[in-house]
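**Student:** Here it is: the structure, laid out below.
Quick note: the coordinates plus some simple rules give every number you see, no bench work behind them. What you are looking at is a predicted structure, and each value in this text was computed from that prediction instead of being measured. Every residue, glycine as well, gets a Cβ built from its backbone with ideal geometry; the counts of neighbours run over all protein chains shown.
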Amino acid sequence: MAVDTLYTGGRIRTFDPAQPWVEALGVTGDRISYAGSAADAPAARHTVQLEGRLVTPGVADTHNHLLLGFDDLAVSLDQVQSLDVVRARIGEFAEAHPELDWICAENALYSVVEGRRPHADDLVGVTDRPVFITTYDQHSVWLNRPALAKLGILNGADIAWGNPEKDPTTGEPTGWVTDFYTSAMTIAGLAELQRDIPMYSPDRRYRKITNSLEMAAKVGITTVVEPQVPLAELDLFARAEREGKLTSRTIAAIYHAVGADGDFRARITEAIRETPQHERFSLGPVKLYADDVIEPHTAAMLEDYANRPGHRGHPSLEPTEFTKLYVELDRLGYQVHTHAIGDWGVRLTLDSLEEAIRVNGARDARHGIVHAEVLAPQDLPRFQQLGMVAAMQPRHASPDLVAGTWMENVGEERWDRAWRFKSMIDSGARVTFSSDWQVGEMDPLIGLYSAMTRARLDGQDVWTPDERLDLDRALRAYTLGGAEAFHREDQVGMLRPGMLADLVVWSGDLYAMEPAELLAQRADLTVVGGAPIHDERGELGGLVAAGQMADPGGAGQSCGEPHGDHDHAH
């Protein structure tokens, strides 16, 4: 019997233990119907000649902030190292857009002012309109004086989406706001942002989702996990589904504020019950925060920060209360993915899972720790022992992202605890890789390069080389590892007959290349359910995935190219 499409003439990495490599792959409808030798391949209605290229399962980007994609009406401060350049860009943008009441900017570096955090006085004279700037990691905001006045912060008003920093001498607000991202996604925080800051209007947030999904299709991502969706913004994904914009399969994790109560959990349960499970959209885990981030010294560390004696950061919730919440979420049957960056934050999460197992009994929950940037040696084996998934981002371990503030805050004596990809995989733990877009570039080829080199994108300054991975293990973490993290390994993540035909045709044989060569490659063809969501060379003859446009990647303006200038700032 003939298959619909046959892929042949190249290398096909299946990640199926029964036959890891095959010469030909057949697809019928939305499923893989043949995997084997080219000589035994069935007839096909359409054949894709690979010409030596590599086929792999589609990439599962398990931590991709679709809601944070670049805003077309905001100033990009991506990679800007100088305050003078920040001022110039904001001033030029304000002059070019006299119609905007607020000037918004994204991706500011913590280190843009040497030796201290930026403050409102650094923006004096740039514009008389309020300025709202998010940092590259979305955990802090920088405001000018008109913004402080507009929001009432100058007069002592509180805001629901963060904690305004005050000068220790004068008591006046500095213009810096911490704890932004965790507060911004609360019901009250998001409501205030939508009321006051134009960048958070539903239409602009929706454009970020669709722009991010267009990029995901172009770079080979067939499953994407939006790791932190407020209940109030679930309707944006329902809209994308109705309008045929969910090109990649999308899993939304619901944000659970650490202070939320049982009534909120009842709302989560109701939302899950009332949200139809669609081929392209489903609600996934509940997202918690154990701590914050290294750069502003707010991640929870077991020992003092190297450059702030007496300060270790703090958990997002008092430890016994955090564990109580974790046990309750496990009892209710949720899968819990927890942001934990400092080694104390990671240990607290592992301790909480251990307590949940003691109280509720063991089950195949596949709870996850997201980031695990600093890991105490004695906690390494606990991931495998407790069944905790490590959801990690290879690009974050690159020196061009962490040199300076991150390295200085942690201190050289703890660098060997950082982003322990290889050690984690060697221990038998489940590891999944992701981009953390738009904190890092979305392109998984950049992530693969980073996992293999632990170097800058120019190949310089290899850092903590003992944690480097080979291509195959890194690629597995981006494909089958992502499927396993969300109980989908029987459907995607492998190229095996009967499974969904989610796959990527890369522009060359990645296995035949040096790591640096990966940065010049691309996804030629991204296929979901047997049909293309991105077709660089028009190889599938106009086939269209169900409910999707023929070329979603070509609609509208791209929010950044996968290679060349970095798509992130740190």
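**Student:** Can you find, among TYR305, LEU329, HIS278, the residue farthest towards the positive end of the dipole of the range 276-365? Put +1 on the C-beta of Lys and Arg, -1 on that of Asp and Glu.
**Tutor:** The Cα lying farthest towards the positive end belongs to HIS278.
**Student:** A follow-up question, please. Please turn the phi angles of the range 391-401 into ³J(HN,Hα) values with the Karplus equation 6.51 cos²θ - 1.76 cosθ + 1.60 (θ = phi - 60°), one per residue in order, whole Hz, x for glycine and proline.
**Tutor:** Whole-Hz 3J(HN,Hα) from phi for the range 391-401: 9, 10, 10, x, 4, 5, 8, 7, x, 6, 9.
**Student:** Write down the radius of gyration of the range 384-479 and its Dmax, each obtained from C-alpha positions, in Å.
**Tutor:** 12.8, 38
**Student:** What does the convex hull of the Cα atoms of the range 75-122 come to per residue, in Å³, rounded to a whole number?
**Tutor:** 74
**Student:** Taking the alpha-carbon set of the range 450-522, what are its Rg and Dmax in Å?
**Tutor:** Looking at the range 450-522, its Cα Rg and Dmax stand at 14.5, 45 Å.
**Student:** Related question: Give me the angle, in degrees from 0 to 90, between the Cα long axis of helix 262-274 and the longest principal axis of the Cα atoms of the chain, rounded to the nearest 10.
**Tutor:** The two axes meet at around 30 degrees.
**Student:** Per residue, how big is the convex hull around the C-alpha atoms of the chain? Give it to me in cubic angstrom, could you?
**Tutor:** Once divided by residue count, the hull of the chain is 145 Å³.
**Student:** Taking the radius of gyration and the Kirkwood hydrodynamic radius from Cα positions alone, what is the Rg/Rh ratio for the range 138-290, to two decimal places?
**Tutor:** Using Cα coordinates only, the ratio equals 1.03.
**Student:** Could you pull the Rg and Dmax for the range 333-399, using just the Cα atoms, both in Å?
**Tutor:** Using the Cα atoms of the range 333-399, the pair Rg, Dmax is 11.9, 42 Å.
**Student:** Taking all pairs of different Cα atoms in the range 104-200, averaging 1/r and flipping that mean, what Kirkwood radius in angstroms comes out?
**Tutor:** This gives a value of 13.4 Å.
**Student:** Based on Cβ point charges of +1 for Lys and Arg and -1 for Asp and Glu, what charge dipole magnitude is obtained for the chain about its Cα centre, in debye rounded to the nearest 20?
**Tutor:** 1180
**Student:** Can you work out ³J(HN,Hα) from phi for every residue in the range 411-424, in order, using Karplus 6.51 cos²θ - 1.76 cosθ + 1.60 and θ = phi - 60°, giving whole Hz and x for Gly and Pro?
**Tutor:** x, 4, 5, 10, 4, 6, 8, 8, 6, 8, 4, 5, 4, 5
**Student:** Evaluate the charge dipole of the range 267-352 about its Cα centre and quote only its size in Debye, nearest 20, assuming +1 on the Cβ of each Lys and Arg and -1 on the Cβ of each Asp and Glu.
**Tutor:** Roughly 200 debye for the range 267-352.
**Student:** To the nearest 10 degrees, how steep is helix 187-196 against the longest Cα principal axis of the chain, on a 0 to 90 scale?
**Tutor:** 80
**Student:** Shifting gears a bit: Once R0 is set to 35 Å, what does the formula 1/(1 + (r/R0)^6) return for the Cβ-Cβ distance between GLN385 and ALA232, expressed as a FRET efficiency to the nearest 0.05?
**Tutor:** Step by step, r from the Cβ atoms, then E = 0.40.
**Student:** Assuming 1.002 mPa s and 20 °C, estimate D for the range 1-153 with Stokes-Einstein, Rh taken as the Kirkwood radius over Cα pairs, in µm²/s.
**Tutor:** After rounding, the answer is 108 µm²/s.
**Student:** So what is the 222 nm mean residue ellipticity for the chain from helices alone, if each DSSP H run of at least 4 adds -39500 (n - 2.57) and you divide by all residues, rounding to the nearest 500 deg cm²/dmol?
**Tutor:** Roughly -7500 deg cm²/dmol at 222 nm, from the helical runs in the chain.
**Student:** May I ask for the longest run of the chain untouched by trypsin sites (Lys or Arg not before Pro) that are loop-located per DSSP and have at most 14 neighbouring C-beta atoms (other than their own) within 10 Å?
**Tutor:** So the longest stretch without any such site is 117-362.
**Student:** Can I ask one more? Inverting the mean 1/r over all pairs of different Cα atoms, compute the Kirkwood radius of the range 1-51 and quote it in Å.
**Tutor:** In the range 1-51 this quantity evaluates to 10.8 Å.
**Student:** How far, in degrees from 0 to 90, does helix 83-96 lean away from the longest principal axis of the Cα atoms of the chain, to the nearest 10?
**Tutor:** Computed tilt is about 80 degrees.
**Student:** Within the range 104-122, find all residues whose amide N lies under 18 Å from a label point positioned 7 Å from the Cα of GLU172 along Cα-to-beta-carbon.
**Tutor:** So the set is 117-122.
**Student:** Of the DSSP beta bridges with both residues in the range 133-284, give the percent that are antiparallel, rounding to the nearest 5.
**Tutor:** 45
**Student:** Right, here's the next one. Test of the criteria: in the range 308-413, which chymotrypsin sites (Phe, Trp or Tyr not before Pro) are in a DSSP loop and have at most 13 other Cβ atoms within 10 angstrom of their Cβ?
**Tutor:** Loop-located and lightly packed - none at all.
**Student:** What value does the range 156-226 have for Rg/Rh, both radii from Cα atoms and Rh as Kirkwood defines it?
**Tutor:** That ratio equals 1.15.
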